[in-house]
Amino acid sequence: MFDISKQNIDIGCPQCGRNNSVTLAQVAQQATITCAGCRRRITLKDKNGSAGKSVRDINNAIRDFENTLKKLGR
């Protein structure tokens, strides 16, 4: 099954501006990463839990779609 939480997005460092690639799961978990440019530690924020909720909603929609396709093939 496809898992949207494994998809990468770029997060700009607030200190040096360098883009850092993180997964949506890391954002949802509010992980701390180290900037590849200046080595500053950056704690990711998921305001109001929106990233986590979106990941769950999208993964549920994909699972439902896959189940529908399986039923059509019968």
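Each Lys and Arg contributes +1 and each Asp and Glu -1, all at the Cβ; summed about the Cα centre of the chain, the dipole is approximately 120 debye. Could you let me know the centre-to-centre spacing of the range 30-72 and the range 8-27, using Cα atoms, in angstrom? After rounding, the separation between the Cα centres reads 13 Å.
Based on the Kirkwood radius over alpha-carbon pairs, what is the Stokes-Einstein translational diffusion coefficient of the chain at 25 °C with 0.890 mPa s viscosity, in µm²/s? D, rounded to a whole number, is 178 µm²/s. In percent, what relative contact order does the chain have, based on Cα pairs under 8 Å that are 6 or more apart in sequence? It comes to 26 percent, rounded to a whole number. Summarising the amide proton neighbourhood of Arg18: residues at separation of 5 or more, or on other chains, whose placed amide H is nearer than 5 Å comprise Cys13.
Relative to the longest principal axis of the Cα atoms of the chain, the long axis of helix 50-72 makes an angle of roughly 30 degrees.
No lab work stands behind these numbers, since they all come straight from the coordinates. Computed from a prediction, not measured in an experiment: that's the story for all the values here. Note: ideal-geometry Cβ built from the backbone for every residue, glycine included; neighbour counts use all protein chains shown.
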